[in-house]
1. Let's see if you can work this out: charge +1 on each Lys and Arg Cβ, -1 on each Asp and Glu Cβ, no other charges. What is the dipole magnitude of the chain about its Cα centre, in debye to the nearest 20?
2. With all protein chains present, how much of the accessible area of segment 112-161 (probe radius 1.4 Å) comes from carbon and sulfur, to the nearest whole percent?
3. If each residue of separation counts as 0.36 nm, what is the full-extension length gain between Thr195 and Ala112 once their alpha-carbon separation is subtracted?
4. When only the heavy atoms of the protein chains count and the probe is 1.4 Å, how do Arg81, Arg76 rank by accessible area, highest first?
5. When ligands, DNA and RNA are left out and all protein chains stay put, how many square angstrom of accessible area per residue does segment 38-168 have with a 1.4 Å probe?
6. Loop only per DSSP, at most 14 neighbouring Cβ atoms within 10 Å: give me the trypsin sites (Lys or Arg not before Pro) in segment 120-194, ordered by residue number.
7. Relative contact order of the chain: what whole-number percent is it, with Cα pairs under 8 angstrom and at least 6 residues apart?
8. How much length is gained on full extension from Ser133 to Met105, taking 0.36 nm per residue of separation minus their Cα-Cα distance?
Amino acid sequence: GGTQGQAPPPASWFLFAVVATVGACQSCAANSLKIIWPFFVADSFGFASAEYGRLIFVSACITGICVATLPMVEGRLGQFRTCFILCVGCGLAGVVGFLPLWGVMGTVGILAHGGLVVTVLALLELGKSNVKSFAPLFVAKGQQGKGFGYVATVLRLGEIVAGFVAMELYEKNGGALSSVVAVSALLFCGAALLTALVPASVKSASSSSEAK
């Protein structure tokens, strides 16, 4: 099914705040990864700025494709389920991507690392777009402009927090893996928050369609 026939979620500033907070977790995770990754690939693989630039180019291309597919994904899974899956999936893929597999698998491990991290970055951007469209649905009609503005502000705050803590984690807690575990834990907390506080009726309204 698509989005036609879905019941709109109830207007609630509390539920809006829950979803926006999950978006802040995604935003903080994405920016933390962007800050840590160039140092990590330089320290671990000896990559120079040219190699990292190519990785970012590939990441940007994949991100554009992912964001373009968002309406189709939300239509199939619903906005709630999309948000939850992106949090959990990115958290797991981030941890796996920074396991030191290249020490055992060599070039294949490096390629797997690059592919996973590029994918996680793209999916986190998809998650932020999902939150931007999902959270304002909980705002009463006539106030949704405010909702979009508040979501943008909260996502920006997540990026600012990442700027403060990402390198501290990287330099003082044993390198990238422990940093990514912390970032992934943030995503898992966001998913748990979403599941615990958004009522089942809202999940149903956001993730299933009924023919009329």
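1. Magnitude of the dipole: close to 620 debye.
2. Taking all protein chains in place, segment 112-161 shows 66 percent carbon and sulfur surface.
3. 26.8 nm
4. Ranked from most to least accessible, the order is Arg76, Arg81.
5. 50 Å²
6. Sparse-neighbourhood loop trypsin sites (Lys or Arg not before Pro): Lys141.
7. Computed over the chain, the figure is 47 percent.
8. 6.0 nm
The values are calculated or read from the model by the stated rules, or taken from the named source; none is laboratory data. Bear in mind the structure is a predicted one, so any value in this text is a computation, not a measurement. Cβ coordinates were reconstructed from backbone atoms using ideal geometry, including for glycine residues, and neighbour counts include every protein chain displayed. Ligands, DNA and RNA are stripped out before the accessible areas are found, and what is left, the full protein with its side chains, is counted by its heavy atoms. Shrake-Rupley method; radii C 1.70, N 1.55, O 1.52, S 1.80 Å.
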